[in-house]
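Have a look at the structure below before the remarks.
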Amino acid sequence: MIVLAVVLGLFVIVVFFNKADNFMEAGLSFLRLIRYLQIRLPQIIVQITPIGVLLAVLVALGLMNKHNEIIALKCGGGSVYFLLRAVLAIAVLLGIVLFLISEIVVPITISKANRIWLTEVKQKPALATRQKNIWIKGNRSIYFIKYFNPQNQTMSGVTLNYFDNEFKLSKRVDANSALFEKDKWTFYEIMEQRFNAETNSYDVQFYPHRVEKVDILPEDLKRVFKQSEEMNIAELFTYIQEVESEGYDSAAFRVDLHARFALPFLTVIVCIIAIGIAAKRKGQEGPSVSIALGAVMVFLYWVLHSFCLSLGYGGMLPPFIAAWISNIIFSCYAVFLLINAE
């Protein structure tokens with residue numbers, strides 16, 4: 001708890017100084033910034049608790065190692081696995097607590113935090129969050145998007161309605177899909193209906209793909225799109241079923257679903273790694289070297305985990321593999337360290 005409080009305090013300080021300028025420019029009070037940090041705490045706790053657990057075990061066992069207590073334990077017929085029992089029990093308990101917090105508390109608080117950041121700090125108009133069937137009003141235009149994927153910035157089932165000064169429909173564009181890249185939207189499988197004043201009817205044309213100028217950006221769609229982190233597992237699973245039943249790609253959301261289960265197991269993995277590292281160090285080194293090695297392990301894990309999630313979002317890895325592969329690799333490394341330590 002001491003290590004967690006220290007790490008949490010450092011994280012909050014970093015977020016405070018990173019966001020303070022934005023709140024001041026928006027004319028918000030200091031108390032509003034404190035409120036923003038307060039409702040961000042559950043998400044921060046979920047993210048940094050595995051790091052706190054790792055550092056706590058390294059410090060505790062490092063001090064034992066410095067005073068030759070681990071050597072005395074082995075000389076008395078004890079085993080490193082004896083130390084592992086209590087540590088793993090705490091790790092499993094913390095993993096369960098983290099899962100419950102991320103499932104029950106985080107979706108509520110992160111939704112409120114995003115609302116403060118977008119509507120009060122960025123001063124953008126509040127919009128109802130939807131996962132699909134999105135309507136957006138533009139400049140003399142109304143857009144309908146059947147489904148938006150925020151990970152790869154694609155739209156599916158798009159209808160663009162354009163109106164003249166008298167609000168009569170002048171053009172309608174229906175597209176099967178659209179991709180945002182290089183600051184522009186490219187639409188695919190297009191049917192365009194343009195009003196012809198001479199015949200008082202609509203001329204229809206088809207295009208395989210075309211760049212269409214629309215006054216919406218992926219950031220605008222993300223504001224009306226309920227993020228996966230704002231949904232609990234039941235909501236996320238239901239949404240995936242609905243998306244797949246309509247024939248759309250849900251790989252990115254399946255990756256997030258599997259990641260919800262993979263993250264709590266990290267507390268167990270880092271505990272085993274910490275015991276393996278601390279038990280192998282020499283007593284004269286103290287806990288500082290072990291802490292440095294542990295920090296490197298955490299950094300490598302998050303790099304690998306983020307990289308694999310990105311591959312999963314892009315469809316290059318199956319969702320289950322993308323979410324769990326880093327846990328599997330570091331679990332093997334943890335077992336290897338523990339065997340060598342014994």
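The values are calculated or read from the model by the stated rules, or taken from the named source; none is laboratory data. All values derive from a computational prediction rather than experimental measurement. We place every Cβ from the backbone using ideal geometry, glycine too, and count neighbours over all the protein chains shown. The protein model used for the area step is the full one, side chains on, heavy atoms only, and it has no ligands, DNA or RNA in it. Shrake-Rupley method; radii C 1.70, N 1.55, O 1.52, S 1.80 Å.
Only residues that are within 30 Å of CYS308 (Cβ to Cβ), out of contact with any Phe, Trp or Tyr (no Cβ under 6 Å at 6 or more places or on another chain), crowded, with 17+ Cβ neighbours inside 10 Å and modelled with pLDDT of 85 or more were counted across region 136-156, and they come to 2.
Per-residue answers, yes or no, for (1) of a type in the set (Gly, Ala, Ser); (2) out of contact with any Leu (no Cβ under 9 Å at 6 or more places or on another chain):
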| residue | (1), (2) |
| --- | --- |
| GLN151 | no, yes |
| GLY157 | yes, yes |
| ASP164 | no, yes |
| ALA178 | yes, yes |
| GLN193 | no, no |
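The residue that is nearest to THR109 (Cα to Cα), counting only those in region 23-53 that are open to solvent by 50 Å² or more (accessible area, probe 1.4 Å) and of a type in the set (Gly, Ala, Ser), is SER29.
Sub-7 Å Cβ pairs linking a first residue in region 231-245 that is under 14 Å from ALA259 (Cα atoms) to a second residue that is polar (S, T, N, Q), at least 6 apart or interchain, are LEU236/SER228, ordered by first then second residue.
Among residues of region 166-181 that are farther than 18 Å from ASP215 by Cβ, those with a Cβ under 8 angstrom from a residue that is aliphatic (A, V, I, L, M) and open to solvent by 30 Å² or more (accessible area, probe 1.4 Å), sequence gap 6+ or separate chain, pair up as ASP174/MET191. Return the residue satisfying two criteria in turn: it lies in region 73-125 and is under 22 Å from the mean Cα position of the chain (by Cα) and open to solvent by 70 Å² or more (accessible area, probe 1.4 Å), and of such residues it is farthest from ILE39 (Cα to Cα). Within region 73-125, the match that is farthest from ILE39 (Cα to Cα) is ILE96. State all residues of region 233-268 that are modelled with pLDDT under 85, in contact with a helix residue (DSSP H, G or I) (Cβ under 7 Å, 6 or more places away or on another chain) and surrounded by fewer than 17 Cβ atoms within 10 Å (Cβ to Cβ); if no residue qualifies, say none. Residues satisfying the conditions do not exist here. Could you look through region 269-318, keep only residues that are part of a helix (DSSP H, G or I) and charged (D, E, K, R), and pick out the one that is modelled with the lowest pLDDT? Among residues in region 269-318 that are part of a helix (DSSP H, G or I) and charged (D, E, K, R), the one modelled with the lowest pLDDT is GLU285.
Is there a residue in region 189-212 that is within 22 Å of VAL106 (Cβ to Cβ) and open to solvent by 40 Å² or more (accessible area, probe 1.4 Å)? No, because not a single residue in region 189-212 is within 22 Å of VAL106 (Cβ to Cβ) and open to solvent by 40 Å² or more (accessible area, probe 1.4 Å).
Scanning region 1-22 for residues that are in contact with a helix residue (DSSP H, G or I) (Cβ under 9 Å, 6 or more places away or on another chain), open to solvent by 60 Å² or more (accessible area, probe 1.4 Å) and among the aromatic types (Phe, Trp, Tyr) gives a single hit, PHE11.
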